[in-house]
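Engineer: What follows is a single structure, and I will ask about it in a moment.
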Amino acid sequence: MSGSLRRGALRWLRARLEASRTETTSARTLRLTVPGWSGHEAGQHVDVKLTAEDGYSAQRSYSIASAADGDGLELTVQAVDRGEVSPYLVEVMQPGDELELRGPIGGWFTWSAKLSGPILLVGGGSGIVPLMAMLRQRIRAGSASPFHLVYSARSPDHVFYQDELQDIGRRSRGVTIDKIFTRSGSLGDERSPGRLRAEDLPAASGEISPATGPTASDAAGRTRVYVCGPTAFVERATQLLIERGHPADVIRTERFGPTGG
Amino acid sequence: MSVISRGFGGRGSGSDPRVPPGQYVTDDFPVLSAGPTQYVDTEDWRFDITDIDGSRTTLTWERLMALPSEEFTVDIHCVTKWSKLGTTWRGVPVSSLLDGLGTEAEYALVHCYGGYSTNIPLEDLLDGKAWIVFEYDGGELDPVHGGPARLLVPHLYLWKSAKWVNGIELRLDEQLGFWESLGYHEYGDPWLEQRYIGD
Ligand SMILES: Cc1cc2nc3c(=O)[nH]c(=O)nc-3n(C[C@H](O)[C@H](O)[C@H](O)COP(=O)(O)OP(=O)(O)OC[C@H]3O[C@@H](n4cnc5c(N)ncnc54)[C@H](O)[C@@H]3O)c2cc1C
């Protein structure tokens, strides 16, 4: 992993907002240009620093949403009620405005095309962000690894990357995308809205299913699982995954914050 | 040179001398772990102390409970930027586990259920600077926060305060632990903002 080979300090870099895209009524994607950016692996994050006129500054972590792409990178931020940093990033910052960031950070919650074998991504709320980077990286790299995304959002209006996900689900072979809604769903949904349940998650491969026998990834390698979201979501999802037969040591987690999502 | 983010005011909460640089205060108790929460029964709980000559002392839960413990209140600082002030814990000082050994070790590699590890200079674990804690805020320590027992080294970033601990490997040389091998700082002093390698 390149993240683990890095030596020397992570410098603060100047980043400029190029453009932004509205994802939901309270979230947006920021496209930043960061001269000197060294590239990143899907799943890594940056530390963002905002400094006020009077010198006061605040730092927070944000996952990188985009696949590696020169000196550009995208973050997707959910505005948290009465938050200090996220409302600025979602509502106030204008194209041309600047912030500082450093990274990439995190050499554990990462995926690259060098990893063969099936992948299960489980995201809740803004926890979709680093998982989207993995999905985008898979497509960019032309990897054939089977990917299954289970994305939990409050309602269809709270889904990030709506069109792109639909497009990927339709066009990319080997990618399965399941959305589940916790508060309210769409007309005609088979699943009634509610928190993540065991049956929303695929069972571990290697389990004998009466119809087909052991599933494909059995001998080839166990499914790697990445879970990201608010702490309560990650706790619930990991316990359910273990119930579904996924060994604890294949599950990697990233916890974003106390509540919400 | 500092880059001003136009239109950012921040909470400008003033500078509380208890809060290290780059941190903010939270009343929540967020969680950082690399994988699933470990659930360990106290009946099965073991804690191995391995000295540099390979000799090993094993502690059961019963023996840990029989040791004198203390309640103390400290501030904690997570590398993901939150700090929590005035948290109250109960635990056994690490020095009372190690004092009898007369070890010549310089470093410790702390091991955990689930495979996590973290490295700490031995002197940072002694003299009332670190505890094996099993109570938080007057109640049993929740598995999400490292129960039944975690290390607490409040003067370093909280990833050093390993959850679900099951042993200390005493060493002459420093071997990097889990996050320390993945780009995080080998020591992790929040007052020097030692978050990542090279800070
Ligand atoms: C590794 C990592 C990656 C992250 N990636 C992303 C990302 O890609 N997109 C993203 O939107 N956020 C992400 N976060 C969360 C982000 O760092 C901030 O915590 C979040 O934006 C809130 O900051 P704030 O300053 O607006 O709120 P604060 O001023 O810090 O908090 C205000 C209030 O909101 C609550 N709160 C804090 N954090 C959250 C949260 N995450 N959800 C709900 N309530 C919260 C607090 O308890 C407090 O009551 C990530 C966090 C980590 C640790």
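The values are calculated or read from the model by the stated rules, or taken from the named source; none is laboratory data. Predicted model, so just to flag it, every value in this text is computed and none were measured. When we count neighbours, we look across all protein chains shown, and the Cβ atoms used for this are built from the backbone with ideal geometry, even at glycine.
Engineer: Take region B:49-74 and flag every residue that is under 16 Å from B:ARG150 (Cβ atoms) and touching a Lys or Arg at 6+ places or on another chain (Cβ under 6 Å).
Structural biologist: Hits for region B:49-74 are B:SER69, B:GLU71.
Engineer: Further question on the same structure: Step by step: first the residues of region B:115-150, then only those that are out of contact with any strand residue (DSSP E or B) (no Cβ under 9 Å at 6 or more places or on another chain) and of a type in the set (Gly, Ala, Ser), then the one that is nearest to A:THR238 (Cα to Cα). Which residue is that? I'd like the intermediate steps shown before the answer.
Structural biologist: So the first thing to find is which residues in region B:115-150 are out of contact with any strand residue (DSSP E or B) (no Cβ under 9 Å at 6 or more places or on another chain), and the list is B:115, B:123, B:139, B:143-144.
Applying the additional criterion that residues be of a type in the set (Gly, Ala, Ser) yields B:115, B:139.
On the way: B:GLY115: 16, B:GLY139: 24 Å.
The qualifying residue nearest to A:THR238 (Cα to Cα) is B:GLY115.
Engineer: Report every pair of residues separated by at least 6 positions or lying on different chains whose Cβ atoms are under 8 Å apart, first residue within region A:116-130 and in contact (Cβ under 8 Å) with a residue 40 or more places away in the chain, second basic (Lys, Arg).
Structural biologist: A:GLY117/A:ARG222; A:GLY117/A:ARG224; A:PRO118/A:ARG224; A:ILE119/A:ARG138; A:ILE119/A:ARG224; A:LEU120/A:ARG224; A:GLY125/A:ARG154
Engineer: Let me ask another. Of everything in region A:133-157 that's among the aliphatic types (A, V, I, L, M) and closer than 30 Å to B:ILE197 by Cα, which residue is surrounded by the fewest Cβ atoms within 10 Å (Cβ to Cβ)? Break it down stepwise before answering.
Structural biologist: Residues of region A:133-157 that are among the aliphatic types (A, V, I, L, M), as a first pass: A:133-135, A:139, A:141, A:144, A:149-150, A:153.
Remaining after also requiring closer than 30 Å to B:ILE197 by Cα: A:133-135, A:141.
Numbers: A:ALA133: 27, A:MET134: 23, A:LEU135: 24, A:ALA141: 15.
Within region A:133-157, the match that is surrounded by the fewest Cβ atoms within 10 Å (Cβ to Cβ) is A:ALA141.
Okay, residues lined up against (1) more than 9 Å from every other protein chain (Cβ to nearest Cβ); (2) of a type in the set (D, E, K, R):
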site	(1), (2)
B:GLY7	no, no
B:VAL31	no, no
B:GLU43	yes, yes
B:THR50	yes, no
B:GLU62	yes, yes
B:MET65	yes, no
B:THR73	yes, no
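Engineer: Moving on to the next point. On the given criteria, is A:GLU18 in a strand (DSSP E or B) and away from the ligand (no atom under 16 Å from the Cβ)? Break it down stepwise before answering.
Structural biologist: Working: in a strand (DSSP E or B): yes; away from the ligand (no atom under 16 Å from the Cβ): yes.
Yes; evaluated as a whole, the condition is true for this residue.
Engineer: Sticking with this structure for a sec: In this structure, is B:GLY54 facing chain A (nearest Cβ under 8 Å) and of a type in the set (Gly, Ala, Ser)?
Structural biologist: On the way: facing chain A (nearest Cβ under 8 Å): no; of a type in the set (Gly, Ala, Ser): yes.
So B:GLY54 does not fit the description; no.
Engineer: Can you work out which of the residues in region B:88-131 that are in contact (Cβ under 8 Å) with a residue 60 or more places away in the chain and in contact with a Pro (Cβ under 8 Å, 6 or more places away or on another chain) is surrounded by the fewest Cβ atoms within 10 Å (Cβ to Cβ)?
Structural biologist: B:GLU106
Engineer: Give me a count of the residues in region A:233-250 that are at pLDDT 95 or above and facing another protein chain (nearest Cβ under 7 Å).
Structural biologist: Within region A:233-250, residues that are at pLDDT 95 or above and facing another protein chain (nearest Cβ under 7 Å) number 2.
Engineer: Which of the residues belonging to region B:148-184 are within 14 Å of chain A (Cβ to nearest Cβ) and free of Cβ contacts under 8 Å to residues at least 24 places away in the same chain?
Structural biologist: Here is the first cut: in region B:148-184, the residues within 14 Å of chain A (Cβ to nearest Cβ) are B:157-159, B:163-164, B:176-184.
Scanning region B:148-184 gives B:SER181, B:LEU182, B:GLY183.
Engineer: Would you be able to say whether some residue in region A:152-167 is at pLDDT 95 or above, part of a strand (DSSP E or B) and on the phi < 0 side of the Ramachandran plot? So that I can check it myself, show each step before the final result.
Structural biologist: Our first condition is that a residue be at pLDDT 95 or above; within region A:152-167, this holds for A:152-167.
From the residues that got through so far, the ones that are part of a strand (DSSP E or B) too are A:152-153.
Next, only the ones that are on the phi < 0 side of the Ramachandran plot stay: A:152-153.
There is at least one residue in region A:152-167 that is at pLDDT 95 or above, part of a strand (DSSP E or B) and on the phi < 0 side of the Ramachandran plot.
Engineer: Looking only at region B:132-147, how many residues end up being free of Cβ contacts under 8 Å to residues at least 24 places away in the same chain and assigned to a strand (DSSP E or B)?
Structural biologist: Result for region B:132-147: 2.
Engineer: Let me ask something additional. Can you name the residue in region A:222-261 that is in contact (Cβ under 8 Å) with a residue 12 or more places away in the chain and among the small types (Gly, Ala, Ser) and is also farthest from the ligand (Cβ to nearest atom) among such residues? I'd like the intermediate steps shown before the answer.
Structural biologist: Of the residues in region A:222-261, the ones in contact (Cβ under 8 Å) with a residue 12 or more places away in the chain are A:222-234, A:236-238, A:240-241, A:243-247, A:250-261.
Next, from what is left, pick out any that are among the small types (Gly, Ala, Ser): A:229, A:232, A:237, A:245, A:257, A:260-261.
Details: A:GLY229: 9, A:ALA232: 10, A:ALA237: 16, A:GLY245: 28, A:GLY257: 2, A:GLY260: 3, A:GLY261: 6 Å.
Among residues in region A:222-261 that are in contact (Cβ under 8 Å) with a residue 12 or more places away in the chain and among the small types (Gly, Ala, Ser), the one farthest from the ligand (Cβ to nearest atom) is A:GLY245.
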